Amino acid sequence: MSVQLPSSLSEDTIREISEERDEPEWLLQRRLDAFEALDELPLPDVIQTPGRRWTNLEALDFETLVDPLNQSDETERTAEGDAVVLSFTEALDEHEELVREHFGTVLDPETNYLTALSAALFTTGTFVYVPEDVDAGDVKIRAEMNSRSLFSQTLVVTEESASTTILEGTETGTGSEEIEGERYFSNLVEVAAGENSYVQYGSLQNLDEETYHFTLKRGHAGTYATINWIEGNLGSRLTRSDVETNLVGDSSETKIVGAFFGHNDQHFDVNARVWHEAEHTTADLVTRGVLDDEARSVYEGVQDVGEDAWDTSSYQRENTLMLSDESEADASPKLIIHNHDTEASHSATVGQVDREELFYMTSRSIDPETARNMLVEGFFVPVLEEIEVDEFRDDLDDLIVQRLD
């Protein structure tokens, strides 16, 4: 089902955004192509069970949520090593040919309505480039949203035997506090990992609960390359998060680690997908979430093993813990295997706090609230242990503790 365009959006709007940023003609044309595709593109697929759509994206009122000409953000970018880290506008000035070569090759702007909308309207974003044989260390991106709507585009390119860790934090800035009503934030990320390169991308989202949040992160891993994702979601009213890796090179690897913690009436639609397209590839998908009050979650994990993906190893685990009788969770792990030389497994569980463990702890003079909080913190430990970056792990742990308090 196509979505009606907001009245504030037109070809003139797209041209004005591009002209204000002094963009090259090829990028303007890509924006216009995405805009023209909007009339025919559907919203992202969501899990459906008889009589119910678990995430109602059709209810989003883009007429009021999208204000394309008044986007505002405060974004800080720092790098420890020799990576090139620039705003998207600066990257077009200094590395236009490199941006043009890779932009849109990993993530098709016309994947769905929301990706095309973002590709047509983005005004902020980051370009990260790591040259051959460079160990660039940590790159940090801290973004604050200060407008009713904000569209962001990030492109990461690593050449042969390069490596970097990118830590991205997203939250609501003080400028948004003056805006009444709901808001919308979109974040597209594409990673092109060259041969034998290593990319770790950690994203921690803590937007306020008046904001709808959409993100699609996708990577292409070349021969012997590794792309690891860490995705933490605690903020927003509704989050649709897709994290995906195409293992296109022999012996490439990926790990997707996810954590979410919802309360009040928050809704998380979390998806992790990997496509094994080459030989000797490996994937590990690990997600854990906690729901309290009337919060809801939907999880879909897909491991797709192609006909030529011989000697594949692919594993998936998802666990959701519900702290109240009013919370809801649904999980749909999927294995799609097209050859017999594959070792793969998937599992998903949904349950409540173990009453016996809670009783045991309270019988040892631990008050019920403290006991519950200790069990929740312990529940997240398997995910936290998968996070190799101390700063990111500590930030996520601190936000979990704040939510419990």
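The values are calculated or read from the model by the stated rules, or taken from the named source; none is laboratory data. Small disclaimer: the values here were computed from a predicted structure and weren't measured. Positions of Cβ are generated from backbone atoms using ideal geometry, with glycine treated the same way; all protein chains shown enter the neighbour counts. Protein only, heavy atoms only, side chains kept; ligands, DNA and RNA dropped before computing areas. Shrake-Rupley method; radii C 1.70, N 1.55, O 1.52, S 1.80 Å.
Residues being under 24 Å from E20 (Cα atoms), free of Cβ contacts under 8 Å to residues at least 60 places away in the same chain and surrounded by fewer than 21 Cβ atoms within 10 Å (Cβ to Cβ): count how many of those fall in the range 125-148.
So the count comes out to 0.
I'm trying to understand the selection: among the residues of the range 209-227, which are open to solvent by 10 Å² or more (accessible area, probe 1.4 Å) and more than 26 Å from Q266 (Cβ to Cβ)?
H220, G222, T223, Y224, T226 - these are the residues of the range 209-227 that are open to solvent by 10 Å² or more (accessible area, probe 1.4 Å) and more than 26 Å from Q266 (Cβ to Cβ).
Would you point out which residue out of S152, S161, S118 is open to solvent by less than 50 Å² (accessible area, probe 1.4 Å) and in a loop (DSSP other than H, G, I, E, B)?
So the residue among S152, S161, S118 that is open to solvent by less than 50 Å² (accessible area, probe 1.4 Å) and in a loop (DSSP other than H, G, I, E, B) is S161.
Give the range 259-270 a look and list any residue that's open to solvent by 10 Å² or more (accessible area, probe 1.4 Å) and touching a Gly at 6+ places or on another chain (Cβ under 9 Å), or say none.
V270 - this is the single residue of the range 259-270 that is open to solvent by 10 Å² or more (accessible area, probe 1.4 Å) and touching a Gly at 6+ places or on another chain (Cβ under 9 Å).
Quick one: in the range 299-318, of everything that is surrounded by fewer than 21 Cβ atoms within 10 Å (Cβ to Cβ) and not in a loop (DSSP other than H, G, I, E, B), which residue is nearest to the chain's Cα centre (by Cα)?
Here the answer is V302.
Could you go through the range 182-202 and let me know if any residue there is under 22 Å from G258 (Cβ atoms) and of a type in the set (K, R).
No, the range 182-202 contains no residue that is under 22 Å from G258 (Cβ atoms) and of a type in the set (K, R).
Test of understanding: among E244, E209, E180, which residue is more than 21 Å from T320 (Cβ to Cβ) and either at pLDDT 95 or above or of a type in the set (D, E, K, R) (or both)?
Selected residue: E180, the only one of E244, E209, E180 that is more than 21 Å from T320 (Cβ to Cβ) and either at pLDDT 95 or above or of a type in the set (D, E, K, R) (or both).
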